Structure formats: structure tokens, C-alpha cells
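Asks: Please find one structure pasted underneath; my questions will follow.
The values are calculated or read from the model by the stated rules, or taken from the named source; none is laboratory data. Every value quoted in this text rests on a predicted model; they were computed, and no experiment measured them. Every residue, glycine among them, receives a Cβ derived from its backbone with ideal geometry; neighbour counts consider all protein chains shown.
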Amino acid sequence: MDVGLEHMSLTRNTTLASLTTTAGQLTPGMSLQKVMSIADANSAESASSWVESMFTFHGGVLADDAWLRAARGGETGIANALAWAARVFAEPRIAAVVEETLAGAEGSFDAAGFSTDVVERAFDGLGVGAQARKAASSLLNQAASVPLFEPERYGPTIVGAALFLPTAQFVPAVVEFLEERIRDQVSRVVAKRGDAVELALLWKTNRWFGLTKEEFRAAARPRTTTPLSARAALPSSLQVLHEEARRRKQVVLQGAPGTGKTYVAKQYVEWASAGRGDESNLSAILAGLPANERTPYDVAQAAIRLGHTAIWDIAQFHPSYGYEDFVRTLAPAPTANGVTFRAEHRVLSFLAAVAVELREAGSQCDVILIVDEVNRADIARVFGELLYALEYRDAPVRTPYTVEGDPSMTLPSNLILLGTMNTADRSIALIDYALRRRFTFIDLEPDGGVIDGAAWLGNADREAARRLFDAVSGLFTAADNNAALAVGHSYFLPSGDALTEADSLSSVARRFAYEVVPLLSEYAAEGLVDAAKLAAVLSAIGVNNDADKQQAVEEALLTWLTDSEPTTAEFPGDD
């Protein structure tokens, strides 16, 4: 909406500092002439053409507003932001460029727009003509002075944005400022369309500060501090893991498939976060912050404000995973002149920096990184020089990439690395010895007691699952040197979606047919399980020559589970 006055000069070289200085020297009730005199004294050029646009006058005398109050109170940061708001509010052509060129579709700042050439073309398209270049330079320099961004320059000319700076802290004052400015300039119908925040959004004020509408709304709400969450008593099942995590700082949970390695890791996170695992995940915390306020410092402050006792994330290793995926990298970043490459954190570096910020703030919040399938990647390539940092916590290590002005990186003592390792994966070596001596290893073994204690719908499904587990367990013995390949209890747990005991039995049979039998058949084909023993076990549970036909296996097994009550003693390999 065109509320401002178009006679304001687009090309004034007046700095935000001079505008804030002027605002700080003004007193409500001053005459227009007096305000012009003060403005002229603080400006390199005559201020008479823009004073009426930048300040509010009622009956020829100056009215007070949020900008003047901030300037008089010495709140320079807020005053500069409101000077920027007054500048954009006062000139529709400036508003158009800020809202459509500097901001993207959702309202966040668009790096491609922060170039003098790009802004000049935008002004030229609005009919500014010969003054377009000067208008572009003036606008970007004032934006940098708020500051809204850190400029990239070629000589004195701004050619891009190196970094967008936090702006959410300005929103409450901006809402107050805009409400005061438009109070007498819009109809009552428009004014009643929403509260002050929604009214500010009608003027696209969020775009003036590079925020989406939701980020603007969130920033307008008072930021409350949540009391620190209280952890429950540590479950006995997590006692050893907790003690080793505190002592060694890096632990690997190792075991056969289905022994619950990742489950246990997440259970530890759930305990450490006081039952707030979903909220304390790094992605969830980042999602609650404006796009330009997602630095390690911002995340640490958010965690403290939200009362978190832990922050966590998970990384999934795989054969092509490398240092640039895990530690730091050069990432493409769009600019007005194309694409440039900037050093950025990856998950380990970012969480390490968050942990440092938390420690410096005096917070006891833990930072936990789960590394799933830690042995599936080339450990030396993934960790690089950080192998040293694992052994010497809190000691800075120089990296190939300088992030936020610092080429070094520290793994602080409040960062816990929690790895998982599948001991049955024969396609790769178990783990690099250099890493092995830096981690504590905790074995997780198949445990029938977990099956017994699970939330089954009745006794029949519980007993059926346990019988199958016991039958399969007999195939993996120390004598056969294949105990590390054993099928874990997770394959025999309730599906969670069955409504009746009959459905639960059917689910047990299906999972065994479609998950366990193919795995056992592969083991037998590779000579890792005695084929004769496997055939005997399958025969004992009603599966004969159709083990390669999954539907037949499921049907035969379900019949056996329903009609018979065998004991574990009848299964081969149990003696």
C-alpha cells in the first residue's frame, strides 16, 4: 500500500547513523522548522525534502513514536532498524525494491538480489532513470548499516551478501512503530482486519527484515524461558552406556542385526533429553529459528531458553560418506553474480560448535551425535584430523576449512558420540583400529527376555514369537563360530498395528517369512550357517521344501503356530 510520500529523495546519501542521531535529538512537540534544522545539521545534504516523510507531524508539530523513543533511550540497534523501516515505509519505490528484489518468494532475503547492479535494474524498471545507480548504492549501504547483512564489495561497490544477520529481535519494535505510523492513515475497516502484527504483515514488513510471515509472527511474540527439564531416574539398562559416555565421551554399541543398537541409542537420547527427544533434535530446534538465526550460538541460546537438557542429531554412515559430509565442506552459495563456494559446518562441526557455546554459557545441556553404522564408512577419510581430537578433547585442531573465521575445531567434553555397529556385516571390515582404541565398545546380544516383556495382545502371540526366536538361536553357537551373526530379538517383537491376537500371530508369521527366512537362507548359501541345521529347524516349524516361496512359508508357519505347542527342546542345535 502506498502510504508514504513519494517526494522523498531516492538518492540521499544520508546514513542511518545520521538519521538515528537526528531522531535522538528530537523532542515531541517540536515544529517542522526546528526538526529540519536539526536534520540539516546531521546530514551532508539538505534534509528539508525528506523530514516530513521520515517523521510524523500532527498539526505541524512532531509526534512521538517508537523510533524516537529508541533513539532517545540510546538503543542504537533498534533505532537503526526503525530508521530503515521509516525509509522503506516513506518511499513506495524503495518498498517495492526491498519487498520484491531483496526478499524472495517467502520473505527471506534472497542473496541474488543483494548487488548494486541488480538493485539498479530494479529501480530502473520503476522509472527512476539516471538516478537508479545512486539509489541502489544508497539503499544497499543503508541496509548494511542496520545491519541486515555483511556485504561483499568490489572496491566501494556492494556486489553480494556474505552473510545475513539476525533481525527477529527488531520485530516487536517494528510492529509498534508501524502501528503508530499508520494509525491515522488508514481506514478503520483496514485497521480492524487484524492485530498489530497482522496489520504489519499487510504492509509486508516481514520482507523489510528478511523474515517469512511465520518467522515474523513468532518473533513478535514474547520469548519466554522454559524451566530446565528434569530427567527421570536412569534406567538400569542404560547404566553402563551412561557411565561410559561420561567417562570416554565416545561409545559404540555393537551387535548382530536386530539386537536394538539404534533403539538403545535413541532410548539414551530420550532419557538424556528428559523425555523431549523430538523437541530436542537439532532439526526441530533449527526449524523454530528464523533462517538468518541458525548459527551454533543461536541454537545454544534456543536450547537454554527452551529448557533442554540435551541436543542431539543422527548421522548415517555409508561407503561413500566422507569428511565433507560429516565435518566441514565447501558448499555452493548463490550470489547476484552466480555461485560462489563457502566453507560450512557439517553435522559434527556444527554440533561441536553448539557444545562449545553451551559450555561458555554455563549450561549443563549435553550434545549427543548418534553415528549409525559407524563401520560402513572409511573411518580415516571421514574423521581425518579429528581422530586426534577424539583422543584429546577440548584441544583445537586445525581443519582444511575456515568456518566463521576460524580454521580450527574443537571437540568439547560435553559432546557425546554414540555409534552403532552391525557385527554381521561381512561386506566391510569391522572398524578401523585407530578408531577402535578411541572408543568404548558395548556388546548388545539377542535377548529373549525383551520378547517376553513386550506389549503383546495375549499369551499365544508372545509364546509363538519366543518359540521362533529360540529355534533360530540354536543355529548360532560358539562351536560354529557364527555367534556374531545371530538374529536379534527385534525381528520377533510386536508389529504395533495388530488389533487382535490372531492378527498379531499372523504378523509374527509374516515377519519371520519375509525377513528372517531370507536372511537365514543367505547365511546358509554363504556357508555361515549349517544348511542341514537350518533345514531341520524349518522342518520342525512346518516349513519343508518351500522355504524359497515366502507365501508358502508364511501359511505353513501360521498353521504350525496356531495348531501346535512344541517345546524348545525339539529344535536342532538346542542341545
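Asks: For residues that are surrounded by fewer than 18 Cβ atoms within 10 Å (Cβ to Cβ), in a strand (DSSP E or B) and in contact with a strand residue (DSSP E or B) (Cβ under 8 Å, 6 or more places away or on another chain), tally how many sit in segment 141-181.
Replies: 4
Asks: For the condition without any contact (Cβ under 8 Å) to a residue 12 or more places away in the chain and assigned to a loop (DSSP other than H, G, I, E, B), what is the one hit in Ala498, Ala478? Before the answer, list the steps.
Replies: Numbers: Ala498 fails: without any contact (Cβ under 8 Å) to a residue 12 or more places away in the chain.
Just one listed residue meets the conditions, Ala478.
Asks: Quick one: how many residues across segment 216-229 are closer than 13 Å to Ala200 by Cα and either under 21 Å from the mean Cα position of the chain (by Cα) or hydroxyl-bearing (Ser, Thr, Tyr) (or both)? Give the derivation first.
Replies: The initial filter retains those residues of segment 216-229 that are closer than 13 Å to Ala200 by Cα, namely 216-217, 219-220.
Add one more test, that the residue is either under 21 Å from the mean Cα position of the chain (by Cα) or hydroxyl-bearing (Ser, Thr, Tyr) (or both), and what stays is 216-217, 219.
Residues meeting the conditions: 3.
Asks: Name the residues in segment 197-228 that are over 23 Å from Asp110 (Cβ atoms) and touching a helix residue (DSSP H, G or I) at 6+ places or on another chain (Cβ under 9 Å), would you? Outline the logic, then answer.
Replies: Let us first name the residues in segment 197-228 that are over 23 Å from Asp110 (Cβ atoms), namely 197-199, 221-228.
Selection gives Val197, Glu198, Leu199, Arg221, Pro222, Arg223, Thr224, Thr225, Thr226, Leu228.
Asks: Sticking with this structure for a sec: Can you confirm whether Phe441 is touching a residue at least 12 places away in the same chain (Cβ under 8 Å), under 24 Å from Leu528 (Cβ atoms), assigned to a helix (DSSP H, G or I) and not aliphatic (A, V, I, L, M)? Before the answer, list the steps.
Replies: Numbers: touching a residue at least 12 places away in the same chain (Cβ under 8 Å): yes; under 24 Å from Leu528 (Cβ atoms): yes; assigned to a helix (DSSP H, G or I): no; not aliphatic (A, V, I, L, M): yes.
For Phe441, the condition - touching a residue at least 12 places away in the same chain (Cβ under 8 Å), under 24 Å from Leu528 (Cβ atoms), assigned to a helix (DSSP H, G or I) and not aliphatic (A, V, I, L, M) - is not met.
Asks: Find the helices (runs of 4 or more DSSP H) located wholly in segment 320-417 whose residues include 2 or more that are touching a Pro at 6+ places or on another chain (Cβ under 7 Å), and list them.
Replies: Once the helices (runs of 4 or more DSSP H) in segment 320-417 are filtered for at least 2 residues that are touching a Pro at 6+ places or on another chain (Cβ under 7 Å), what remains is 347-360.
Asks: Filter segment 273-313 down to the residues that are assigned to a loop (DSSP other than H, G, I, E, B) and either within 11 Å of the chain's Cα centre (by Cα) or among the aliphatic types (A, V, I, L, M) (or both), then identify the one that is farthest from Ser349 (Cα to Cα). Before the answer, list the steps.
Replies: Initial filter on segment 273-313 (assigned to a loop (DSSP other than H, G, I, E, B)): 273-276, 288-295, 306-309.
Retained after the next criterion (residues that are either within 11 Å of the chain's Cα centre (by Cα) or among the aliphatic types (A, V, I, L, M) (or both)): 274, 288-289, 291, 294-295, 306.
On the way: Ala274: 25, Gly288: 21, Leu289: 19, Ala291: 19, Arg294: 14, Thr295: 12, Leu306: 23 Å.
Only one residue tops the list, namely Ala274.
Asks: Which residue out of Arg393, Arg438 is at pLDDT below 90, surrounded by 14 or more Cβ atoms within 10 Å (Cβ to Cβ) and within 32 Å of the chain's Cα centre (by Cα)? So that I can check it myself, show each step before the final result.
Replies: Working: Arg393 fails: at pLDDT below 90.
One residue alone meets the criteria, Arg438.
Asks: Restricting attention to segment 486-507, report how many residues are at pLDDT 85 or above and within 37 Å of the chain's Cα centre (by Cα).
Replies: The total comes to 10.
Asks: List every residue pair whose Cβ atoms lie under 7 Å apart, where the two residues are 6 or more positions apart in sequence or sit on different chains, the first residue falls within segment 370-386 and is within 24 Å of Gly258 (Cα to Cα), and the second residue, located anywhere, is surrounded by fewer than 20 Cβ atoms within 10 Å (Cβ to Cβ) and of a type in the set (Ser, Thr, Tyr).
Replies: Note: pairs meeting the criteria are Asp372/Thr262; Ala377/Tyr321.
Asks: A follow-up question, please. List every residue pair whose Cβ atoms sit under 8 Å apart, with the two residues 6 or more apart in sequence or on different chains, where the first one lies in segment 134-155 and is free of Cβ contacts under 8 Å to residues at least 40 places away in the same chain and the second, anywhere, is among the charged types (D, E, K, R).
Replies: The qualifying pairs are Ala136/Asp117; Ala136/Glu120; Ala144/Glu150.
Asks: Next question, about the same structure. Out of all the residues in segment 339-379, which are in contact with a strand residue (DSSP E or B) (Cβ under 9 Å, 6 or more places away or on another chain), over 26 Å from Gly275 (Cα atoms) and among the β-branched types (Val, Ile, Thr)?
Replies: The answer is Val339, Thr340.
Asks: Which residue, of Thr420, Thr402, is in the same structural domain as Ser320 (by TED's automatic domain parsing) and touching a helix residue (DSSP H, G or I) at 6+ places or on another chain (Cβ under 7 Å)? Break it down stepwise before answering.
Replies: Values: Thr402 fails: touching a helix residue (DSSP H, G or I) at 6+ places or on another chain (Cβ under 7 Å).
Sole residue among the options that is in the same structural domain as Ser320 (by TED's automatic domain parsing) and touching a helix residue (DSSP H, G or I) at 6+ places or on another chain (Cβ under 7 Å): Thr420.
Asks: Something else: I'd like the full set of residues that are of a type outside the set (Gly, Ala, Ser) and surrounded by fewer than 17 Cβ atoms within 10 Å (Cβ to Cβ), limited to segment 458-477. Give the steps one after another, and end with the answer.
Replies: Going through segment 458-477, the residues of a type outside the set (Gly, Ala, Ser) turn out to be 459, 461-463, 466-470, 472, 475-477.
Passing the criteria: Asn459, Glu463, Thr477.
Asks: Suppose the filter is touching a Gly at 6+ places or on another chain (Cβ under 7 Å) and β-branched (Val, Ile, Thr); does Val382 pass it? Explain how you work it out, then say what you get.
Replies: Working: touching a Gly at 6+ places or on another chain (Cβ under 7 Å): yes; β-branched (Val, Ile, Thr): yes.
It is true that Val382 is touching a Gly at 6+ places or on another chain (Cβ under 7 Å) and β-branched (Val, Ile, Thr).
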